[in-house]
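Read-outs throughout are calculated quantities, based only on the coordinates presented, and are distinct from any laboratory measurement. Everything quoted here is computed from the prediction, not taken from an experiment. So basically every Cβ, Gly included, is an ideal-geometry build from the backbone, and we count neighbours across all protein chains shown.
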Amino acid sequence: MSGTLNKVMLIGHTGDEVKMHYFEGGNCVGRFPLATNDSYVNKATGERVNTTEWHNIVVRNKAAEICEKYLAKGDKVYIEGRLKTRKWQDEQGKDRYSTEIQCTEFTFLTPKADSPGVSGEQKPNPTNSSVDTGNAQKTEPQIGTEDDDLPF
């Protein structure tokens, strides 16, 4: 083990629809902003202060397609991933930086009936909305499917 850890866990509301970008070979990337809120009481004035922090979320391939299909602006979602900073040059040749959360797992927290993006037509909700973007798929054990001899 290298002795370092790069892990981010966020619960927030999406600030926009998922923007998709498709590449040759079938891969794709989805990006969307996520807002997290914090509030505290200013000791000097006694006033409650609310702050919002915006995070750039990046999902890839199948996870991006699922997010595009089921996430709408304003939906609450749990995001787990790692921080990554990208560097590029703008039109004037200045170095620019952007810090993103590379999503590795997510869980939808807004019931689709309550989603702001749902109108008369309701999108189907996946049975397991928690997606691990690695190779292994997580499955929840079904209650009552164990084959045991318990009398209750």
Just name one of A64, T99, P111: the one whose Cα is farthest towards the positive end of the charge dipole of the stretch 8-130 (beta-carbon charges, Lys/Arg +1, Asp/Glu -1).
-> T99
Just grab the label-to-label distance for Q89 and N42, each label 7 Å out from Cα along the Cβ direction, in nm (one decimal).
-> 4.4 nm
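Can you tell me how the stretch 8-130 classifies by the Cα gyration tensor, rounded, prolate or oblate, using a/c under 1.5 as the rounded cut?
Working: a/c = 2.10, a/b = 1.09, b/c = 1.93.
Oblate shape, in that a/c is at least 1.5 and b/c is the bigger or equal ratio.
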Taking neighbour counts of Cβ atoms within 10 Å as a proxy for exposure, in what order, fewest first, do F108, F23 appear?
-> F23, F108
